[in-house]
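What follows is calculated from the coordinates using simple rules that are stated; it is not laboratory data. Given the structure is predicted, the values throughout are model-derived calculations rather than measurements. When we count neighbours, we look across all protein chains shown, and the Cβ atoms used for this are built from the backbone with ideal geometry, even at glycine.
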Amino acid sequence: MSKPAYRIYVIELSKKVFTENRKFREANPQFNGVLECLYVGMTSKTPKERFQQHKTGALSKKGYNLSSSLVRKYGSYLRPSLYNHIGPLHSRAEALKMEAQLALELRKKRYAVWYN
């Protein structure tokens with residue numbers, strides 16, 4: 001059986017996250033309020049399935065919370081134009097590296113971005 005492919009995804013967050021969440025605000029001093037607030041993640045599911053997990057507060061088989069509280073509270077919708085250019089990745093390590101790389105690229109463009 002082959003290993004699962006990992007995908008990078010981007011979710012647009014309500015701009016309320018910037019005013020209401022101190023950690024988010026402190027992580028994004030470059031943000032000027034013009035562009036969007038975003039969450040960048042990686043998953044072995046489809047981005048749509050992963051977004052639904054975030055919004056419903058899904059739990060793993062072991063009872064771990066699979067959702068980000070930021071996405072559950074502030075998540076609006078997927079932004080495929082910001083991640084469709086990234087193909088499937090074959091290892092978790094590769095996906096984590098790409099998640100951070102994309103998040104930092106988006107911050108350089110002056111988006112406000114959260115990633116793990």
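A few notes on this one:
- Angle in degrees between helix 92-108 and the longest Cα principal axis of the chain, rounded to the nearest 10: 20
- Taking a sphere under 9 Å around the Cβ of Arg79 and counting the other residues whose Cβ falls inside, with K and R at +1 and D and E at -1, yields a net charge of -2.
- For the listed residue pairs Lys16/Lys45; Lys45/Lys108; Lys61/Lys109; Lys62/Lys109, the alpha carbons are over 32 angstrom apart in Lys61/Lys109; Lys62/Lys109.
- Nearest-0.05 FRET efficiency for Leu104 and Lys23, computed from C-beta distance (R0 22 Å): 0.80
- For Asn84 and Lys15, the difference between the fully extended length at 0.36 nm per residue and the C-alpha to C-alpha distance is 22.5 nm.
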